[in-house]
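Just below is one structure, and these are the notes that go with it.
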Amino acid sequence: MARSLKKGIPHVALLGYLVVVLFPFLFVLFSSVKKDNNAIALNPFGIPKEFVFNNYVEAWVNAKISTYFFNSLYISVLSSVVSILLASMFAFAVTRMRQGKWNKILFSLVLIGMLIPNNALMLPIYTIVRKLHILNTHWALIIPYIANAIPFTIIILAAFMRSLPGEIEEAAVVDGLKAPGIFARIIVPLTVPAMVTVFIVNFLGNWNEFLLANYFLSNDELRTLPVGMVQFRDQYQMNYAQMSAGIVYSVLPVVIIYAILQEKIIEGVTAGSVKG
């Protein structure tokens with residue numbers, strides 16, 4: 001009895017934590033399908049008596065949520081994919097190729113890049129973006145997002161690549177593969193679990209980023225969803241139902257992508273395991 005109770009306490013604590021985390025989202029979700037502010041005020045935490053899905057249509061069309069949504073989506077995905085591509089090649093070079101002391105020197109420089117706060121780079125990034133004449137374009141976000149994600153991505157991928165047995169490369173060399181072939185046909189498939197993990201982290205960071213998007217983009221058609229949501233709040237500050245619908249649009253894609261890629265992590269670990 002005492003052992004069962006002891007085992008059950010962590011589960012109860014985790015369920016309580018889950019309720020605390022999900023409660024605000026459920027409040028927003030229920031509010032997004034209520035008729036108006038009065039319905040929210042009379043029953044703020046309950047299930048709505050009448051489901052009004054037109055709030056999502058109004059938010060998507062009239063508040064330009066669709067434009068902000070697709071801007072954020074393609075910028076976040078493109079930046080995450082390119083950063084993983086560049087970081088994986090660098091990680092392969094410093095972990096699997098014998099370059100003497102250069103491997104440690106280059107990897108140390110990457111670690112130094114992790115020590116610099118992002119806010120301290122705001123002014124240098126703005127200066128570079130302005131000199132490149134890409135201010136008020138999506139490239140003003142894509143390039144900094146890629147550069148900011150590369151150090152973290154390299155560290156994660158390098159740690160994973162170091163754990164791979166060297167016999168795999170030796171067998172590939174015997175089969176006639178050179179460095180590009182080993183990287184593309186051997187290392188990349190085995191590194192899929194780590195790549196999926198860093199993709200999730202980088203995507204979430206790019207999707208939620210506000211500071212650079214707010215200062216570098218002045219054209220309303222180019223803005224991302226976090227910046228657009230601020231204007232949405234100002235425009236619809238008296239219509240909390242449509243505001244809640246806009247919040248659901250900003251949260252739901254992240255939840256869906258994370259749930260899908262979380263399964264891919266397990267599949268990648270199983271497929272990339274090495275039998276002894």
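A few comments on the model shown:
- Multiplying the residue separation of His133 and Leu29 by 0.36 nm and removing their Cα-Cα distance gives an extension gain of 33.3 nm.
- Each residue, Val188 and Gln262, gets one label point 7 Å from its Cα in the Cβ direction; the gap between the two is 2.8 nm.
- Using 0.36 nm per residue and subtracting the Cα-Cα separation, the extra length available between Glu221 and Ala147 on full extension is 24.2 nm.
- Think of a 1.4 Å ball rolled over the protein heavy atoms: segment 80-131 then has 69 Å² of accessible area per residue.
- Calculated FRET value between Asn214 and Ile9, using beta carbons and R₀ = 45 Å, to 0.05: 0.50
- Computed with a 1.4 Å probe over protein heavy atoms only, the accessible surface of segment 9-51 comes to 75 Å² per residue.
- Gain on full stretching of the segment that runs from Asn119 to Ala171 - 0.36 nm per residue minus C-alpha separation: 14.1 nm
- In terms of its alpha-carbon gyration tensor, segment 9-51 comes out prolate; a/c meets the 1.5 threshold, and the first ratio a/b outweighs b/c.
- Tensor-based shape of the chain (alpha-carbon gyration tensor, a/c under 1.5 rounded, otherwise prolate or oblate): oblate
- Global geometry of segment 76-117, whether rounded, prolate or oblate, following the gyration tensor of its Cα atoms and the 1.5 cut on a/c: oblate
- Axis angle, to the nearest 10 degrees, between helix 139-162 and the longest C-alpha principal axis of the chain: 50 degrees.
- Compared with the dominant principal axis of the Cα atoms in the chain, helix 65-96 is inclined by about 20°.
- With Cα atoms, 0 to 90° folded angle of helix 225-235 axis to the chain main axis: 10 degrees
- Within the accessible surface of the chain, defined with a 1.4 Å probe on protein heavy atoms only, the carbon and sulfur portion equals 69 percent.
The values are calculated or read from the model by the stated rules, or taken from the named source; none is laboratory data. Quick caveat: nothing in here was measured; it's all calculated off a predicted structure. Glycine also receives a Cβ, built like all others from the backbone with ideal geometry; neighbour counts cover every protein chain displayed. Protein only, heavy atoms only, side chains kept; ligands, DNA and RNA dropped before computing areas. Shrake-Rupley method; radii C 1.70, N 1.55, O 1.52, S 1.80 Å.
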